[in-house]
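Colleague: Dumping the structure here so I can ask a few things about it.
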Amino acid sequence: MKKIALSLTTIGMAVLPIIALAQVGGAAPSTFAISLESLGQIIVNQIWIVFTIIAIVCFVVAGVLFLTSQGDPEKIAKARSALIWGVAGIVVGILAFTIIAVIRGALGA
């Protein structure tokens with residue numbers, strides 16, 4: 001249940017700025033049009049921001065776990081695991097955004 005709530009919150013945070021941008025300036029609908037390409041770029045930019053925030057929080061949590069381990073091998077192992085998974089998440093995220101850039105370049109956009 002928590003995963004569903006977290007997923008919906010993340011999606012909401014990514015979509016909310018787009019909805020807010022649609023209300024800027026009170027312009028007529030014909031003068032404010034978002035193309036599919038620019039909408040996709042806005043979504044990718046918002047996801048990149050959320051990804052960066054999550055990565056920073058992950059490394060801060062791992063650092064706090066290291067600082068509070070007090071030499072306990074189990075806690076150090078848990079902190080090291082959190083750090084390794086944080087690095088793995090960063091690598092996967094960078095690969096995902098790289099794949100998007102490669103596909104965009106291949107399509108000539």
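Colleague: Exactly one of these conditions fails for C58: (1) assigned to a helix (DSSP H, G or I); (2) exposed (fewer than 12 other Cβ atoms within 10 Å of the Cβ). Give me its number.
Modeller: (2)
Colleague: Every residue in the range 74-92 that is in contact with a Ser or Thr (Cβ under 9 Å, 6 or more places away or on another chain) and either closer than 18 Å to W48 by Cβ or among the basic types (K, R) (or both), please.
Modeller: If the condition is that a residue be in contact with a Ser or Thr (Cβ under 9 Å, 6 or more places away or on another chain) and either closer than 18 Å to W48 by Cβ or among the basic types (K, R) (or both), then K75, K78 are the ones that fit.
Colleague: Search the range 92-109 for residues being in contact with a helix residue (DSSP H, G or I) (Cβ under 8 Å, 6 or more places away or on another chain) and among the hydrophobic types (A, V, I, L, M, F, W, C), and hand back the single one that is surrounded by the most Cβ atoms within 10 Å (Cβ to Cβ).
Modeller: My answer is I100.
Colleague: Evaluate the following for F66: is it in contact (Cβ under 8 Å) with a residue 12 or more places away in the chain and under 28 Å from I11 (Cβ atoms)?
Modeller: no
Colleague: Determine whether the range 69-83 contains at least one residue that is within 23 Å of S7 (Cβ to Cβ) and either aromatic (F, W, Y) or part of a helix (DSSP H, G or I) (or both).
Modeller: Yes, that holds for at least one residue.
Colleague: Also, I was wondering about something else. If a residue has to be surrounded by 14 or more Cβ atoms within 10 Å (Cβ to Cβ) and aromatic (F, W, Y) to count, how many in the range 77-88 make the cut?
Modeller: Of the residues in the range 77-88, 0 are surrounded by 14 or more Cβ atoms within 10 Å (Cβ to Cβ) and aromatic (F, W, Y).
For every residue, the table says whether it meets (1) surrounded by 13 or more Cβ atoms within 10 Å (Cβ to Cβ); (2) at pLDDT below 90.
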residue	(1), (2)
K2	no, yes
A22	no, yes
I43	yes, yes
I90	yes, no
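The values are calculated or read from the model by the stated rules, or taken from the named source; none is laboratory data. Just so it is clear, the model here is predicted, and its values are computed rather than measured. Ideal geometry is used to build each Cβ from the backbone, glycine not excepted, and the neighbour counts take in all protein chains shown.
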